[in-house]
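Novice: Please find one structure pasted underneath; my questions will follow.
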Amino acid sequence: GGGGGGAFRPAERAACAAMFRGDYVAAARIMLGSGDGPIPPDFLAACVGGGRELYASVAREQADRLERRGEHQRAALLHLSLHDVVNALGSLRRGGFIRDAAALAAARLHPGDEALVAVRRELAAAEETRGGMEAAAKAHLAAGRPAAAVRALTRRTLGGARAAAEVALTCGL
C-alpha cells in the first residue's frame, strides 16, 4: 500500500514514523545520522514541530552541510531563518559572495556595526582586485574610508583623478 511518487529510503521511513509519533528529536537524529549530505528540505521544515531549539539545531547542521557542498547562499538563507545575520554573512563570504554579503549587511545591520564595516572593506578590496576602482571607491566611502576611496580612484585615468579630487574636497581631505 501507499501511493504517490518516490519511495522513502529506510532512514526516511524511520524518521517519518518518529515524527508521526511526535518524537521529533529521534526523527532529526535518524535523518542527520543517515549521511553527511543535506537532509531533504521537507524533513528540515517538519522539525519546526519539535520546537524552536530543535529546528535551530538542525538548521545550523543543515547550513554546515550545505556549505560543505558549496551551497553558500542556501546556507545563508538558513542562518537568516534563525535571525543569525553574522553567520549568514560568514556563509556568503566563505563562498565568495562578497557583494551579496555587503548587501545583506547594509540591509540588516546598524550603520556603525563592525561587521558591516568589515564586509564593506572586504568588498572594496575585492573590487580593487578585479579592477573596479569606482565600485571600490564607493565601498571605501561606505566603510568610512575616504582616503582609501581617493587612492582607488587615482589609480586609473584622468577622469578617476578628477573624481578623486572631488571626493577629497567633499570629505575635507
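Novice: Please label the shape of segment 1-107 as rounded, prolate or oblate, based on the square roots a ≥ b ≥ c of the eigenvalues of the alpha-carbon gyration tensor (a/c under 1.5 means rounded; beyond that, a/b larger than b/c means prolate, else oblate).
Specialist: prolate
Novice: Return one whole number: the accessible area per residue of segment 10-164 in Å², for a 1.4 Å probe. Working shown, then result.
Specialist: Numbers: 8150 Å² over 155 residues.
Result: 53 Å² per residue.
Novice: Using only the Cα atoms, work out Rg/Rh for segment 44-153, with Rh taken as the Kirkwood radius, to two decimals.
Specialist: Values: Rg = 16.2 Å, Rh = 14.8 Å.
Value, to two decimals: 1.10.
Novice: Could you calculate the FRET efficiency of Asp64 with Ala118 from 1/(1 + (r/R0)^6), where r is the beta carbon distance between them and R0 is 22 Å, rounded to 0.05? The partial results should precede the final answer.
Specialist: Values: r = 22 Å, r/R0 = 1.00.
According to the calculation, E is roughly 0.50.
Novice: Is segment 31-82 best put as rounded, prolate or oblate by its Cα gyration tensor, with a ≥ b ≥ c the root eigenvalues, rounded for a/c under 1.5, and otherwise prolate when a/b is larger than b/c, oblate when not? If you can, show how the numbers build up before the last one.
Specialist: Numbers: a/c = 2.05, a/b = 1.24, b/c = 1.65.
It comes out oblate by the Cα gyration axes.
Novice: How large is log10 of I(q)/I(0) for segment 68-121 at q = 0.17, 0.25 Å⁻¹ when the intensity is taken from the Debye formula with one equal scatterer per alpha-carbon?
Specialist: -0.43, -0.90
Novice: Another question, if that's okay. Roughly how many percent of the accessible protein surface of segment 30-117 is carbon and sulfur, given a 1.4 Å probe and a whole-percent answer?
Specialist: The value for segment 30-117 is 53 percent carbon and sulfur by accessible area.
Novice: Just order 124-134, 87-97 by mean Cβ neighbour count inside 10 Å, highest at the front, would you?
Specialist: Taking the mean over residues of other Cβ atoms within 10 Å, the ranking is 87-97, 124-134.
Novice: Pop out the ³J(HN,Hα) list for segment 95-109 in order, Karplus 6.51 cos²θ - 1.76 cosθ + 1.60 with θ = phi - 60°, rounded to Hz; leave Gly and Pro as x.
Specialist: Listing the rounded values in order: x, x, 8, 5, 5, 4, 4, 5, 5, 4, 4, 5, 7, 10, 10 Hz.
Novice: Then there's this: Spelling out what I want: for every residue of segment 60-66, take phi, set θ = phi - 60°, compute 6.51 cos²θ - 1.76 cosθ + 1.60 (Karplus), and round to whole Hz; glycine and proline get x.
Specialist: Per residue, the Karplus-derived 3J(HN,Hα) values read 5, 5, 4, 4, 4, 5, 5 Hz.
Novice: Assuming 0.36 nm per residue, please report the length gained on full extension of the stretch Glu134 to Arg21 beyond their Cα-Cα distance.
Specialist: On the way: separation 113, 0.36 × 113 = 40.68 nm, distance 5.90 nm.
Taking 0.36 nm per residue and subtracting the Cα distance, the gain is 34.8 nm.
Novice: Expected output is a single nm value to one decimal: the length gained when fully extending between His83 and Arg99, i.e. 0.36 nm times separation in residues minus the C-alpha distance. What is it?
Specialist: 3.8 nm
The values are calculated or read from the model by the stated rules, or taken from the named source; none is laboratory data. Bear in mind the structure is a predicted one, so any value in this text is a computation, not a measurement. With ideal geometry, Cβ positions are generated from the backbone for all residues, glycine too; neighbour counts draw on all protein chains shown. What goes into the accessible areas is simple: the full protein's heavy atoms, side chains included, and nothing from ligands, DNA or RNA. Shrake-Rupley method; radii C 1.70, N 1.55, O 1.52, S 1.80 Å.
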